[in-house]
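Reading through the structure tokens given below for one structure.
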Amino acid sequence: MSYIDGFVIAVPRENREKFVHHAGVADPVFIEWGATRVLECWEDDVPDGTLTDFRRAVQATEDEAVVFSWVEWPDKATRDAALARMMSPEMGDPRLDPETNPMPFDGKRMIYGGFVPVVQLHNPA
């Protein structure tokens with residue numbers, strides 16, 4: 001059974017290319033540590049909701065785009081091992097170091113969590 005880490009962030013629209021570069025440098029680390037897939041999705045059709053919505057969830061301003069991302073892992077154990085490695089002081093991978101690969105967004109407004117899939121459908125085509 002797979003395991004999913006999901007993220008929603010607000011990125012200044014002017015930082016789109018910086019974000020793509022940042023993700024292109026950092027995301028391969030997750031694959032190297034066992035993830036099976038990483039997706040970074042720039043907003044295209046993100047409507048305002050009546051009660052809440054993606055934009056409000058991350059306090060996005062008009063000059064910011066919402067990015068919806070997820071990392072697929074083969075299982076929670078693989079994800080937990082990668083997360084422990086990421087948080088360890090001796091990890092030292094410069095691709096995840098904010099000094100060498102700064103985040104082009106306000107990480108304090110990121111929402112994230114780990115999820116267990118309960119329904120999975122696949123198109124055989």
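The values are calculated or read from the model by the stated rules, or taken from the named source; none is laboratory data. Keep in mind the model is a prediction, meaning the values are calculated, not measured. Neighbour counts run over all protein chains shown; Cβ positions are idealised from the backbone, glycine included. Just so you know, the surface numbers come from the protein's heavy atoms only, side chains and all, with ligands and any DNA or RNA stripped out. Shrake-Rupley method; radii C 1.70, N 1.55, O 1.52, S 1.80 Å.
Please list, ordered by first then second residue, the pairs with beta carbon atoms under 6 Å, 6 or more apart or interchain, first in the range 100-125 and basic (Lys, Arg), second part of a loop (DSSP other than H, G, I, E, B) and surrounded by 10 or more Cβ atoms within 10 Å (Cβ to Cβ).
Listed pairs, sorted by first residue: Arg109/Val58; Arg109/Gln59.
Could you tell me which residue of the range 62-81 is most open to solvent (accessible area, probe 1.4 Å), considering only residues that are among the hydrophobic types (A, V, I, L, M, F, W, C) and in contact (Cβ under 8 Å) with a residue 24 or more places away in the chain?
So the residue we want is Phe68.
I'm trying to understand the selection: among the residues of the range 16-56, which are over 26 Å from Asp97 (Cα atoms) and either touching a strand residue (DSSP E or B) at 6+ places or on another chain (Cβ under 7 Å) or not small (Gly, Ala, Ser) (or both)? Give the derivation first.
At the first step, the residues of the range 16-56 found to be over 26 Å from Asp97 (Cα atoms) are 44-56.
Once the filter is applied, which keeps residues that are over 26 Å from Asp97 (Cα atoms) and either touching a strand residue (DSSP E or B) at 6+ places or on another chain (Cβ under 7 Å) or not small (Gly, Ala, Ser) (or both), the range 16-56 yields Asp44, Asp45, Val46, Pro47, Asp48, Thr50, Leu51, Thr52, Asp53, Phe54, Arg55, Arg56.
Name every residue in the range 35-60 that is open to solvent by 60 Å² or more (accessible area, probe 1.4 Å) and either at pLDDT below 95 or part of a loop (DSSP other than H, G, I, E, B) (or both), in order of residue number.
Matches in the range 35-60: Thr36, Asp44, Asp45, Pro47, Asp48, Thr50, Leu51, Thr52, Gln59.
Going through the range 85-125 one residue at a time, which ones are of a type in the set (Gly, Ala, Ser) and open to solvent by less than 100 Å² (accessible area, probe 1.4 Å)? Spell out the reasoning first.
Taking the range 85-125 first, the residues of a type in the set (Gly, Ala, Ser) are 88, 92, 107, 113-114, 125.
Answer for the range 85-125, where residues must be of a type in the set (Gly, Ala, Ser) and open to solvent by less than 100 Å² (accessible area, probe 1.4 Å): Ser88, Gly92, Gly107, Gly113, Gly114.
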